[in-house]
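Participant: Could you have a look at this structure, given as C-alpha cells, before my questions?
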C-alpha cells in the first residue's frame, strides 16, 4: 500500500504520533490531525480537526481529499481518559468522554466512508483498549466509551464489507505516553464518604502513584484492592486528560 493516503486522528502525541511517523517512514502519505492549531509534526502533514465538531471533521476530510485525491485508510486514535468514582462524576464529563472516544470515530468514519464505498476499497482502524473488554474500576466511562466503540465497530464491519472496506479493531493495554498529562478540573461535587482521613492516608501509602489515574499498574492494583475490601471511594474529584485530538 506504499503511496496510499492515511488519516490518523489524535496524531500530536502518544500512539497517534507513533503511528503517523511509522506510516510516513514506510512510504504512506500521512495526514495527522489535532485540534491544536500550532501542531507542527515532522515527517507527515498536520491537519487541524476537532473530532467533537461535525463541521470541523467534514471540512478537514474535504481538505485531504482536495489535496490528495482520496483517503485510503483512517486510523481512529483520538481519545481522552476520565478517572474517578461513578458517584463523583459530573454528567458533562461523562458526556464529553463519550463524545470524544465514541462519537469522534463515528464522525470521522462517516465523513470518509462515501469515498471508500465509491472506490470499493479502504481500511478503517479503530483504536480501542483493554478497557473495552472488561470494566476498569474508577474508569467506568472510559470503559463504557470503548465498549461502545467495540460494538459499533462490529456492526460497521458487517455493513461495509460488501464494498471491499475492512474495519479493524486494536485493543492496546497500558502504554507509556502523555495521555494523562493534561488534567482538567471537572465541576466540583461533594465528597461521598465519611471515612476518616487516616483511611485515605493509609490507602495512598500503598501506592506510589496516589489515586489519580496516571497510566501506572500500581494505581489499578491499589484502587482494586481498596474497592474489594469495601472501603469508600476517596473524596477526590475525577481527573481527565485529553491529548490534543
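Participant: Restricted to segment 106-129, and to residues that are more than 14 Å from residue 160 (Cα to Cα) and in a strand (DSSP E or B), which residue is farthest from the chain's Cα centre (by Cα)?
Facilitator: Result: 126.
Participant: In contact with a strand residue (DSSP E or B) (Cβ under 6 Å, 6 or more places away or on another chain) and farther than 25 Å from residue 30 by Cβ - does that describe any residue in segment 121-139?
Facilitator: To start, the set of residues in segment 121-139 that are in contact with a strand residue (DSSP E or B) (Cβ under 6 Å, 6 or more places away or on another chain) comprises 122-128, 138-139.
Then keep just the ones that are farther than 25 Å from residue 30 by Cβ; that gives 138-139.
Scanning segment 121-139, I find at least one residue that is in contact with a strand residue (DSSP E or B) (Cβ under 6 Å, 6 or more places away or on another chain) and farther than 25 Å from residue 30 by Cβ, so the answer is yes.
Participant: So, residue 56, is that one in the same structural domain as residue 101 (by TED's automatic domain parsing) and at pLDDT 95 or above or not? Steps first, answer last, please.
Facilitator: Values: in the same structural domain as residue 101 (by TED's automatic domain parsing): yes; at pLDDT 95 or above: yes.
It is true that residue 56 is in the same structural domain as residue 101 (by TED's automatic domain parsing) and at pLDDT 95 or above.
Participant: I'm checking my understanding of the structure. Among residues of segment 3-34 that are more than 15 Å from the chain's Cα centre (by Cα) and in contact (Cβ under 8 Å) with a residue 60 or more places away in the chain, which one is surrounded by the most Cβ atoms within 10 Å (Cβ to Cβ)?
Facilitator: That would be 7.
Participant: Looking only at segment 35-63, which residues are surrounded by fewer than 23 Cβ atoms within 10 Å (Cβ to Cβ) and assigned to a helix (DSSP H, G or I)? Show your work before the answer.
Facilitator: Of the residues in segment 35-63, the ones surrounded by fewer than 23 Cβ atoms within 10 Å (Cβ to Cβ) are 35-48, 50, 52-56, 58-60, 62-63.
The answer is 54, 55, 56, 58, 59, 60, 62, 63.
Participant: I'm trying to understand the selection: among the residues of segment 64-91, which are touching a strand residue (DSSP E or B) at 6+ places or on another chain (Cβ under 6 Å) and not in a loop (DSSP other than H, G, I, E, B)?
Facilitator: 64, 68, 73, 74, 75, 76, 80, 81, 82, 83
The values are calculated or read from the model by the stated rules, or taken from the named source; none is laboratory data. Since the structure is predicted, the reported quantities are computational estimates derived from the model, not experimental observations. Positions of Cβ are generated from backbone atoms using ideal geometry, with glycine treated the same way; all protein chains shown enter the neighbour counts.
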